[in-house]
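Q: Can you keep this structure in mind? I'll have questions shortly.
The values are calculated or read from the model by the stated rules, or taken from the named source; none is laboratory data. Note that the structure is predicted; figures quoted are calculated from it, not measured. Here the Cβ is made from the backbone with ideal geometry for all residues, glycine too, and neighbour counts use every protein chain on show.
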Amino acid sequence: MTDTGSREIILTGINVSPGICIGKAYLVDIEGVDVVKKYFISEDDVQDEIKRFKSAVNKAKQQMLTIITNAPEELRDHTYILETHKTLLKDKMLYGRTIETIKNEKVNAEWALKKVVSDVKSMFKNMSDSYLKERATDIVYVSDRIMRNLVGAESEKIADIDKRVILVANDLSPAEASQINLERIKGFVTDRGGKTSHTSIIARTLEIPAVMGLGNATNIIKNDNLIIIDGTVGTVIIHPTEETLLEYGVRSAKYEELKAAITRDSYLQAETADGFQLKVMGNIELPEEVVSVIDYGGDGIGLYRTEFQYLSSPILPKEYELFDKYKDVVEVIAPKPVTIRTLDINGDKAFSNNPDYMEANPALGLRAIRYCLKNPDVFRTQLRAILRAAAFGNVRILIPMISSYEEVLETKRILDEVADALDKEGTLFNRNVELGIMIEVPSAVIIADILAGEVDFFSLGTNDLIQYSLAIDRGNRNVAHLYHSLHPAIIRMIKQLADVARNKGIKLFMCGEMASDPINLPILLGLGIDELSMNPQSIPAVKSMIRALKVEDARAFMKDVFKQNTASGVEELIRETYGSILFEKVYARRKAFGDRAQKNYYRKQKGQT
Amino acid sequence: MTELSRDVIVINELGLHARSAAKIAEIARKANYNVWIIKDKKKADASSILDILTLECAKGSKITLKIDDQSDLDILNNTVKQFETGFGELS
């Protein structure tokens, strides 16, 4: 409030997560926010850990009693809520379950509480009644109090964030970002990071506006400054004027309206106008993202990338750690399928501690299945975790970077070996999982007829397939413009795959970026792809587009597509034929909004100088 | 034999929300055995606010209160009374 006299400042960064929010800045120091550590405890310590938890709850109860008795007369109404919270402290679903979790999983009280709370929270969030949905906040409030007592004085910071704030940080590690108290965060602003950083994935998942890569935001923004984040265009406004505030208030409401309109019927099946159903699934990287696949109406997980656990720690993850995460995802979305892609790591990353190990050409090097077959112990550990998690839902295994028949055979041999071992040990697992391969290397397309006999499905990884087929590194500015998913070569490859899949009776999925752009849908539908998987945010728009199309038309349309000699020719043809639908369904609303925001932004900048 | 279950209707405007659920839970926690709230075959532990809320009882919902043991008859009666008086929220 003291800075009303300050000048409006506009910073520009990378627009990593769309949306607009207005709020007070909260600067995070280096220690980060509310990070809950997980550690295992021994059998002997279980009782002590439970005792520690109980005393934290009792302390919370005392604290609340004090607040209630000290509450002034005029706040009587408010104390009812506190009474409710006090009763919640010992609620079986919170209190009882946390104790059970400590006992059964032998984990520390903080982690057990966090786990139980997140379960209960998601249960409430999925309720249709808006009042009940809101109750998740009560649960968070109560559990925070217990958590504060558990971790002790260090967490004073948490107490400070009792209003909804915008988080400003130099950088947020994935661990920090994934554990932020989300009910309290309106948006993120960071100095570092970009579109593909884990923090930005999380921001998009949680639909929190975020702007990253601002350079020195933490030096300019002070605690409690009023700021506006526009995650759609990537701007942060500090000390906004009354006029700006008003303008963004309106814009924010419009944005929410637009989002709601697209998401509204996303829960329904995507069925074409002539009655053909196409499954639209979500790609995820972190287990937490499964929630947004569900929220956006995904029909399952078409690609679960599993590298994160391997890259976030200097040592290889243990089987139980992998199993834990996989099971989480599988259980939450069951009975819908979860397609777990085995490790797609390259040698560089795997040996980041070893500077001697550097490949000149990692994209063509020891990566994915090649790495796994060369390190069978690593591969076995992951396969064991997957087969075990498969006992809790519907799991498919997807093998990346297959380029030869032998790789498939070797993979199947190891998979059988692992299953036999699990069987002998008497461990709970499920061998009855579908096995598929990523088609992302041109050789795999060419020998698709050979490979098809050994697997249950193909999944087209278009990003790599296009890179390898057109020999283009998208990161290279000089050639990036040549990268085109509608290149006639790519369309012909997909056709070949679709024909093989149909003849051999296996399914063809697509999980690359190509699947998420509605402009490609007439072609994908016409060629006969069975299932599309994409980043969760794209699901509603793709579903909406599918409903406007007819398979019969799309098949006939392919004849014209094959007459085109260039990528731009194909694109032109799609716009000519489907332009009105595309425009109406997807781009019109999206674009109109983006342009307006952009224009305003430039106008503002001019006014500034 | 005394009846161990009673049917009631939620009459307060807000339905079974957090505050009313808290009242039920406070009472049910004094019981010797389990106390249940049943709605459309879904059963919730009356001593848990959260469990009660998951039943999503709006105004006008018909629910059944059930105790497992006769010794908790007072608890049952007391809970029924809460429902009948709309948890003291009716003006």
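Q: Considering only region A:73-99, state which residues are facing chain B (nearest Cβ under 7 Å), at pLDDT 85 or above and closer than 14 Å to residue B:18 by Cα.
A: Matches in region A:73-99: A:87, A:88, A:91.
Q: If you check residue A:225 against the conditions, is it surrounded by 18 or more Cβ atoms within 10 Å (Cβ to Cβ), at pLDDT 85 or above and not assigned by TED's automatic domain parsing to the domain that holds residue A:8? If you could, list the steps in order and put the result at the bottom.
A: Numbers: surrounded by 18 or more Cβ atoms within 10 Å (Cβ to Cβ): yes; at pLDDT 85 or above: yes; not assigned by TED's automatic domain parsing to the domain that holds residue A:8: no.
So residue A:225 does not fit the description; no.
Q: Same structure, new question: Six or more apart or on different chains, Cβ under 9 Å: which pairs go from a residue in region B:21-39 that's within 10 Å of chain A (Cβ to nearest Cβ) to one that's surrounded by fewer than 17 Cβ atoms within 10 Å (Cβ to Cβ) and among the small types (Gly, Ala, Ser)? Could you list them?
A: From region B:21-39, the pairs are B:23/B:88.
Q: Among (1) at negative phi; (2) at pLDDT below 80; (3) among the acidic types (Asp, Glu), there is one condition residue A:207 misses while meeting the rest; what is its number?
A: Evaluating residue A:207 over (1) at negative phi; (2) at pLDDT below 80; (3) among the acidic types (Asp, Glu) leaves (1) as the failure.
Q: Here is a list of conditions, (1) farther than 25 Å from residue A:89 by Cα; (2) in contact with a Leu (Cβ under 7 Å, 6 or more places away or on another chain), and residue B:73 meets all of them except one; can you say which number that is?
A: It is condition (2) that residue B:73 fails.
Q: Please give the number of the condition residue B:11 fails out of (1) in contact with a Gly (Cβ under 6 Å, 6 or more places away or on another chain); (2) within 13 Å of another protein chain (Cβ to nearest Cβ).
A: If we test residue B:11 against (1) in contact with a Gly (Cβ under 6 Å, 6 or more places away or on another chain); (2) within 13 Å of another protein chain (Cβ to nearest Cβ), just (2) comes out false.
Q: Okay, next question. Looking at residue A:536, is it in the same structural domain as residue A:338 (by TED's automatic domain parsing), within 23 Å of the chain's Cα centre (by Cα) and over 18 Å from residue A:463 (Cβ atoms)?
A: Values: in the same structural domain as residue A:338 (by TED's automatic domain parsing): yes; within 23 Å of the chain's Cα centre (by Cα): yes; over 18 Å from residue A:463 (Cβ atoms): no.
Considered against the rule, which asks whether it is in the same structural domain as residue A:338 (by TED's automatic domain parsing), within 23 Å of the chain's Cα centre (by Cα) and over 18 Å from residue A:463 (Cβ atoms), residue A:536 comes out as no.
Q: For residue A:393, indicate whether it is under 26 Å from the mean Cα position of the chain (by Cα), among the small types (Gly, Ala, Ser) and over 18 Å from residue A:307 (Cβ atoms). Outline the logic, then answer.
A: Numbers: under 26 Å from the mean Cα position of the chain (by Cα): yes; among the small types (Gly, Ala, Ser): yes; over 18 Å from residue A:307 (Cβ atoms): yes.
Answer is yes for this residue.
Q: Restricting the search to region B:64-78, which residues are buried (at least 20 other Cβ atoms within 10 Å of the Cβ) and in a helix (DSSP H, G or I)?
A: Restricting attention to region B:64-78, the residues satisfying the condition of being buried (at least 20 other Cβ atoms within 10 Å of the Cβ) are B:65, B:67, B:72, B:75-76.
The answer is B:72, B:75, B:76.
Q: Among the numbered criteria (1) part of a helix (DSSP H, G or I); (2) crowded, with 23+ Cβ neighbours inside 10 Å; (3) not small (Gly, Ala, Ser), which single criterion is violated by residue A:509?
A: (1)
Q: Examine region A:513-528 for a residue that is at pLDDT 90 or above, assigned to a loop (DSSP other than H, G, I, E, B) and surrounded by 21 or more Cβ atoms within 10 Å (Cβ to Cβ), and state whether such a residue exists.
A: no
Q: Let me ask something else. Filter region A:110-146 for residues that are more than 11 Å from chain B (Cβ to nearest Cβ) and farther than 12 Å from residue A:89 by Cβ and give the result. Can you show your working first?
A: Kept after step one, since they are more than 11 Å from chain B (Cβ to nearest Cβ), are these residues of region A:110-146: A:110-115, A:118, A:122, A:125, A:130, A:140-141, A:143-146.
Passing the criteria: A:110, A:111, A:112, A:114, A:115, A:118, A:122, A:125, A:130, A:140.
Q: Just to be sure before I move on: is residue B:52 surrounded by 15 or more Cβ atoms within 10 Å (Cβ to Cβ) and more than 14 Å from chain A (Cβ to nearest Cβ) in the structure I sent? Walk me through how you get there before you give the answer.
A: Values: surrounded by 15 or more Cβ atoms within 10 Å (Cβ to Cβ): yes; more than 14 Å from chain A (Cβ to nearest Cβ): no.
No; evaluated as a whole, the condition is false for this residue.
Here's the yes/no breakdown for (1) within 21 Å of residue A:87 (Cβ to Cβ); (2) surrounded by fewer than 21 Cβ atoms within 10 Å (Cβ to Cβ); (3) at pLDDT 90 or above:
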| site | (1), (2), (3) |
| --- | --- |
| B:6 | no, yes, yes |
| B:14 | yes, yes, no |
| B:20 | yes, no, no |
| B:33 | yes, yes, yes |
| B:62 | no, yes, yes |
| B:80 | yes, yes, yes |
| B:85 | yes, yes, no |
| B:91 | no, yes, no |
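Q: Which condition does residue A:556 not pass, out of (1) more than 25 Å from residue A:207 (Cα to Cα); (2) crowded, with 24+ Cβ neighbours inside 10 Å, if it passes all the others?
A: With (1) more than 25 Å from residue A:207 (Cα to Cα); (2) crowded, with 24+ Cβ neighbours inside 10 Å applied to residue A:556, the lone miss is (2).
Q: Within the set of pairs 6+ apart or on separate chains, which have a first residue in region A:351-375 that is more than 27 Å from residue A:340 (Cα to Cα) and modelled with pLDDT of 80 or more, a second that is among the hydrophobic types (A, V, I, L, M, F, W, C) and surrounded by 14 or more Cβ atoms within 10 Å (Cβ to Cβ), and C-beta atoms under 8 Å apart?
A: Final answer for the pair search is none.
Q: Sticking with this one: Taking residue A:38 as meeting all but one of (1) within 14 Å of chain B (Cβ to nearest Cβ); (2) outside any helix (DSSP H, G or I), write down the number of the exception.
A: Every listed condition holds for residue A:38 apart from (1).
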